[in-house]
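Report on one structure; see the data block that follows.
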Amino acid sequence: MDQGTNRILFSLLRSAIRGMPFEATEHGEISPDKLGELLQMSSRHDVDHLVALALKQSALSSSVGDIADKTVFRAVYRYRQLKYEYDSVCAALEEAQIPFIPLKGSVLRAYYPEPWMRTSCDIDVLVHTCDLDAAINCLTEKFGYEQGERGTHDIALQSPSGVHVELHFDLVEEGRANNAIEVLSSVWDNVSLHEGYNYRYDMSDAFFYFYHIAHMAKHFENGGCGIRPFIDLWILDHTVDGNKGERDALLERGELLAFANVSRALSEVWIGGGEADALTLKMQDFLLHGGAFGSSDNRVAIQQKKKGGRFGYLMSRIFVPTAKLKRYYPILEKHPWLMPVMQVRRWFMLLDPEVAKMARSELTVNRSIDSTKSAEMNAFLTDIGL
């Protein structure tokens, strides 16, 4: 999108989040083509419902209002589905006496003007590694959830209604988000019981804030994290009674304070209405290009920088580090001699046509990134502290 359309997009988001009036005449009438462009772009970042809400509240034509009504309705319906499943998961884990910590959107939406305004793709809950099997059995047996793939730090589950639940047994992967793993490894030492529960825990404010920044940084390194985490960040900075000194102390310990400061600055531009500088504009371009889940060219360019160039990146994709492979295949903890076997087993994933297609795409991008773009990415990542 051009800068003019960007300004309209973020003006609309400010209107939705902060209740600020938006008049179409401030930016010229929004034509049907412009409306389509705005909704398409905002949909890529899962904030189209916020744009639709602002459009609904503005003095625009009824045709725009019809589109906005449908978009808002879908977001409210989606929230109701997630809320029902979330309450069921919390009740089930509590009844099973399994300690757990709700994560991400399940916590953040309480700080939004209306909870449906903070959408989520899934429900994220952290349990102790030793309780993982019991938690999986609880949800599969009680609610008929289907177990999906095991990741490096979570297990995917799906409810009969199609809602995704991610049972986390760790918060951040090794080698991601600077030194975040050192801080986040002590998560269970930084929680307190949620009122009215015996097994549900909440992170301390500073720890939750750190986790939010670390999660942003992790996705940023994977090609982008989209707009929504920056709205979350602005809300955490402006509507939550937190201690900035305690938050910054954890960020400094995890080597993420520089990244947090640039991210705060961009959130002030987008939601606070502040002035952009060269670095926030560069970060904005990176994020808008990547969408909510990042882009392959962003991701490969970043990983080239971290792995020492094209060849280093290629080797990192062929041979997974031991610590990461153990998370995919826990049997390696007891039988490390199986490491070569599991490396080869992982290669057999390429027999899946979708996985093979993704691998070919990444290899093509890896070859196509020229030295100029690589140097620019290196400088950019240094500037933002990653």
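Return, ordered by residue number, the residues of segment 129-160 whose backbone nitrogen is under 12 Å from a label point located 7 Å along Cα→Cβ of M349.
149-153
Using packing as a proxy for protection, rank 220-229, 236-245 so that the peptide with the highest average count of other Cβ atoms within 10 Å comes first. Mind showing how you got there, number by number?
Numbers: 220-229: 22.5, 236-245: 12.6.
Sorting 220-229, 236-245 by mean packing, highest first, produces 220-229, 236-245.
How many percent of the accessible area of segment 56-147 is carbon or sulfur, using a 1.4 Å probe? Write down the numbers at each step before the final one.
On the way: 2230 of 4500 Å².
Looking at segment 56-147 in its full context, I get 49 percent from C and S.
Run the numbers for T322 and K83: contour at 0.36 nm per residue of separation, minus the present Cα-Cα distance, in nm.
Once the chain is fully extended between T322 and K83, it gains 82.3 nm.
Residues of segment 154-207: accessible area per residue at 1.4 Å, in Å²?
Numbers: 2360 Å² over 54 residues.
Ligands and nucleic acids excluded, the figure is 44 Å² per residue.
Rounded to the nearest whole Å², what accessible area per residue is found for segment 76-143 with the 1.4 Å probe?
Working: 2940 Å² over 68 residues.
On a per-residue basis, segment 76-143 sits at 43 Å².
Apply 1/(1 + (r/R0)^6) to the Cβ-Cβ distance of A258 and Y197, taking R0 = 45 Å, and write down the FRET efficiency to the nearest 0.05.
On the way: r = 37 Å, r/R0 = 0.82.
Efficiency at R0 = 45 Å is approximately 0.75.
Peptides 115-123, 339-347, 158-166: what's the order by average Cβ count within 10 Å, highest mean first? Numbers along the way, then the final one.
Details: 115-123: 19.3, 339-347: 13.1, 158-166: 15.9.
Going from most to least packed, we get 115-123, 158-166, 339-347.
So for the pair T140, K357, with labels modelled 7 Å out along Cα→Cβ, what separation do we get in nm?
My value for the distance between the label points is 2.9 nm.
The values are calculated or read from the model by the stated rules, or taken from the named source; none is laboratory data. Values in this document were obtained by computation on a predicted structure and should not be read as measured data. Ideal geometry is used to build each Cβ from the backbone, glycine not excepted, and the neighbour counts take in all protein chains shown. Ligands, DNA and RNA are excluded from the accessible area calculation, which covers all protein heavy atoms including side chains. Shrake-Rupley method; radii C 1.70, N 1.55, O 1.52, S 1.80 Å.
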